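The values are calculated or read from the model by the stated rules, or taken from the named source; none is laboratory data. Computed from a prediction, not measured in an experiment: that's the story for all the values here. Note: ideal-geometry Cβ built from the backbone for every residue, glycine included; neighbour counts use all protein chains shown. To get the accessible areas, we keep the full protein, side chains included, count just its heavy atoms, and leave off ligands, DNA and RNA. Shrake-Rupley method; radii C 1.70, N 1.55, O 1.52, S 1.80 Å.
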Amino acid sequence: MRYEVPVTAKEAASLLMKEKGKAFVLAGGTDLLVKMKAGVVAPDLIVDIKAIKGIKEIKKTATGFTIGAAVPCAALDENAALVKAWPGVVEAANLIGSKQVQGRCTMAGNLCNASPAADSVPALIAAGAKVVITSSKGSRKLAVEDVPAGVGRNNLKKGEFITAIELPKRAPKSGDAYLRFIPRTEMDIAVVSCAVNLTIDGKGIITKARVSLGAVAITALLVKEAAKAIIGTKLDDATKAKLADICSAACKPIDDKRGTVEFRTTVAGVLARRAAETAYTRAGGK
Amino acid sequence: MGVHVQTTINGDAVEFACGVDESLLDVLRNRVGLTGAKEGCGTGDCGACSVILDGRLVCSCLVLGAEMNGKSVETIEGMADGNVLHPLQQHFIDGAALQCGVCTPGFLMAAQALLRKNPDPTEEEIRFGLAGNLCRCTGYDKIVRAVQAAAKEMRG
Ligand code: FES
Ligand code: FES
């Protein structure tokens, strides 16, 4: 096993591309090292991307926020502007693992690891976030919902890796929220989760929305019908009931020891309603 | 294949060579002789291996030794000031916040990181802040109270 610390994204991409054996990207390592220990993966090459310039920075840009792929989740809630603009994204990322894990883990890693229960993923999908993917040929962008391909699989090709996550510019009167169900109070994996992101107008009518569910299918879902159901409303009770029904209907969950199909389906609706209420309040709606 | 690393541990320059698959915890315990950080699980679940890496609380079992070049790490061995225990350490002893002691170095590092960020935490904030540390002996209450007492003393 070899270990490389490239200082440019291009160099990292070409190391990943040229490797004949199994190459893995190391950012926070909170998934990779556990898998190595368990013998699930045996890398021939580890490419530590943390020395790449700018990859540990959060930048406020004209088009929103650019969060470097190696920014640890613990750094997100230290950025006041980011917390103000995207509280749902930050609260989701700060639910991953323990404080110790948050000191290392990254949203880009959470996304590439492609667990259906990843906390930050539904929040990023609801936010309309994109990832910047770099290869030796250049870079391309992909919507977050298009990154996971299945349980533990993603749509990145050999030689590609994520260098940043881009959050769009925030319209006034917008809010987002993320909720998950776990049987404990902390340090657990979502049984069901939901993120809602919305914008309202001066009268409190929802003009834009995105709704995403986690842990109820092989990948996190973008539920477009759910967003449609709340757009044009003031999130009255009938709308909330409809939102909950649509979210429950969108679930294709598994039965396992952490939750049955029936439980996950019902709770998805409940969380959608509550996340929408929080997002609406955060947007300034009453 | 080995990696040669120059790093800073508790303010001292340290050099070591290690294998790529060795964790920071392995390096601390087996190559540097600092056995304060403990291996409870090796997979990021128990917090017994907690250290502060470049100002952030991390599980040393989830960091590679190879990553340590140019970094700075604080371990439990650097917590006391010579023979004078840190208020957190003293209050853990005074409040009997440990029994077997295996979890204690990790709790102390996690409490240290918590109090740096939040010098006056509520009980709930302490419990959430220490949720990544498991203790099979004390039942946690005495740990929480020791952290509260130390925080109070440190605020002066
Ligand atoms: S030994 Fe590192 S978290 Fe348990
Ligand atoms: S004192 Fe024994 S595990 Fe905490």
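Checked against (1) within 13 Å of ligand 1 (Cβ to nearest atom); (2) in a helix (DSSP H, G or I), residue B:66 passes all but a single condition, namely (1).
In this structure, residue B:122 qualifies as over 15 Å from residue B:50 (Cα atoms), away from chain A (no Cβ under 14 Å), more than 9 Å from ligand 2 (Cβ to nearest atom) and hydroxyl-bearing (Ser, Thr, Tyr).
The single condition among (1) within 14 Å of chain A (Cβ to nearest Cβ); (2) open to solvent by less than 70 Å² (accessible area, probe 1.4 Å); (3) more than 16 Å from ligand 1 (Cβ to nearest atom) that residue B:98 does not satisfy is (1). Restricted to the stretch B:19-33, and to residues there that are open to solvent by less than 40 Å² (accessible area, probe 1.4 Å) and more than 17 Å from the chain's Cα centre (by Cα), the residue that is nearest to the other protein chains (Cβ to nearest Cβ) is B:20.
Among the residues of the stretch A:192-205, not a single one is in contact (Cβ under 8 Å) with a residue 40 or more places away in the chain, open to solvent by 30 Å² or more (accessible area, probe 1.4 Å) and not assigned by TED's automatic domain parsing to the domain that holds residue A:93. In the set (1) under 28 Å from residue A:95 (Cα atoms); (2) more than 9 Å from chain A (Cβ to nearest Cβ); (3) in a helix (DSSP H, G or I); (4) in contact with a Pro (Cβ under 9 Å, 6 or more places away or on another chain), the condition left unmet by residue B:114 is number (2). Quick one: is residue B:107 more than 21 Å from residue A:97 (Cα to Cα) and of a type in the set (Phe, Trp, Tyr)? So residue B:107 fails the test.
So that you can scan it fast, the table gives a plain yes or no per residue for (1) out of contact with any strand residue (DSSP E or B) (no Cβ under 6 Å at 6 or more places or on another chain); (2) away from ligand 1 (no atom under 16 Å from the Cβ); (3) in the same structural domain as residue B:133 (by TED's automatic domain parsing); (4) at positive phi:
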| site | (1), (2), (3), (4) |
| --- | --- |
| B:31 | no, yes, no, no |
| B:56 | yes, no, no, no |
| B:71 | no, yes, no, no |
| B:110 | no, no, yes, no |
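When the test is whether a residue is surrounded by fewer than 20 Cβ atoms within 10 Å (Cβ to Cβ), within 16 Å of ligand 2 (Cβ to nearest atom) and away from chain A (no Cβ under 14 Å), residue B:11 does not pass it. Candidates are the residues of the stretch B:73-95 that are closer than 17 Å to residue B:12 by Cβ and away from ligand 1 (no atom under 15 Å from the Cβ); the one that is surrounded by the most Cβ atoms within 10 Å (Cβ to Cβ) is B:74. Applying the criterion of at least 1 residues that are surrounded by 23 or more Cβ atoms within 10 Å (Cβ to Cβ) and more than 14 Å from chain B (Cβ to nearest Cβ) to the strands (runs of 3 or more DSSP E) found wholly in the stretch A:42-123 leaves A:64-68. Across the stretch B:36-66, the qualifying residues are those that are more than 16 Å from ligand 2 (Cβ to nearest atom) and of a type in the set (Ser, Thr, Tyr), and the one among them that is least open to solvent (accessible area, probe 1.4 Å) is B:60. How about the stretch B:41-52: which of its residues are more than 7 Å from chain A (Cβ to nearest Cβ) and more than 6 Å from ligand 1 (Cβ to nearest atom)? Result: B:51, B:52.
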